[in-house]
Each structure stands twice: as structure tokens, then as C-alpha cells.
Amino acid sequence: MVLEGHLLERADPNRGRFRSLLLKALKDFLNDARDKRRARKRGGDVQFIAWDEWMAEFPSQFSVSTRESESWPPEKIFDVRWAAAVAERALSRLGEECERRGHRRIFDVLSSCLAAEREDVSYANFSKTLRVPETAVKRLVHQLRKRYRALLREEVVETVEKPDELEDELRYLCAALATAQ
């Protein structure tokens, strides 16, 4: 920048030393660079997407009624939507894995069991729907839950700085999802 600009032409021995001019130019350069970094953090080169439009495009299975969420502080709404997005990403990945293995129907039928309590799962009904023994349904649900937990952990570990923060973040995610139900 010094060579391409007109800095050397402006150098005047009567106004001060050359190194003072270079120091001033360096300080100005660093200040400009800092301002650009700060501007980028504030979205200087980012295109913003309205949250409501994005959420309408990707509706959540963990939806919260507008009436219910109107009384919530913005932080709670953000936490619930973050937790839902992470959980749904893991669920989507599980569905894609099942589809690649030719088990999409099993996923579609049993995915409702992933978040349900064991007492609320009717293995007999799923057995009739899938036309497999009840013991096979129990095994399939167990395998789906195990893989879903692993995928959920993978998704959450991407959101933490250090791996030892994973367990706390998972508890936070579960708590946020529990408030949405």
C-alpha cells in the first residue's frame, strides 16, 4: 500500500522524520483493519435472513404456539428454537441413514418413539404396522434411540468450544426442549 499509494510523495522532511510518517501510516492501517474486523462481527459483509421467515421455511416438530411463546423472554425462545434445530438436525441425519440402508419405512413408523417414554410406546401396534414380531420392534426402537443419541451428541459437540462442555450442553438442550413441551 505504501508503494502503490502516494505516501512517499507526501513525505516532507520539514514536517518530521520519515520513520514517524511510516509509524503513522502503520497505525492508520492497523486501525482500519480493526474497524473492518469489528464491522464484520456486526454483520458488515453478512446478508441477514429474517428469523421468522427462516422458521416458516423450516417448521419445527418441536413447535411452540405463538400464544404460549408471547409470554416468554426472547432468550427462552432462542434457546428452545436452538435446541429444536439441533435435535431435528440429528433426527434428519438418522432418517437419511435409514433411507440409505433401505429402512425408511421403519424410521417413519418408529421415529415417534425416539422422544417418548417407554411406557408410552405401544410395541404391539408397531408390530402390527411393520408386520414384525414385538421383540424385533423393541430391538429396532432401541437401535434407533441409540443411534439418535449418538447423532445428537455429534451435533451438540459442534456447538461447544471444548469437548468437556458436551455433557452440560446436552443437559441444557434437554431442559430447553422440556420447556417447549
| request: Return yes when residue 110 is assigned to a helix (DSSP H, G or I), under 30 Å from residue 78 (Cβ atoms) and in contact with a helix residue (DSSP H, G or I) (Cβ under 6 Å, 6 or more places away or on another chain) and no when it is not. | output: no
| request: Can you work out which of the residues in region 68-103 that are among the acidic types (Asp, Glu) and farther than 23 Å from residue 168 by Cα is modelled with the lowest pLDDT? | output: 68
| request: Would you check if there is a residue in region 140-150 being assigned to a loop (DSSP other than H, G, I, E, B) and exposed (fewer than 12 other Cβ atoms within 10 Å of the Cβ)? | output: no
| task | Quick one: in region 151-175, of everything that is among the basic types (Lys, Arg) and either touching a Gly at 6+ places or on another chain (Cβ under 9 Å) or exposed (fewer than 14 other Cβ atoms within 10 Å of the Cβ) (or both), which residue is nearest to residue 98 (Cα to Cα)? | result | 171
| task | Return yes or no: is residue 171 at pLDDT 90 or above and not in a loop (DSSP other than H, G, I, E, B)? | result | no
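The values are calculated or read from the model by the stated rules, or taken from the named source; none is laboratory data. Predicted, not measured: the structure shown is a model, and the values here were computed from it. In this analysis, Cβ positions are derived from the backbone assuming ideal geometry, glycine residues included, and neighbour counts consider all displayed protein chains.
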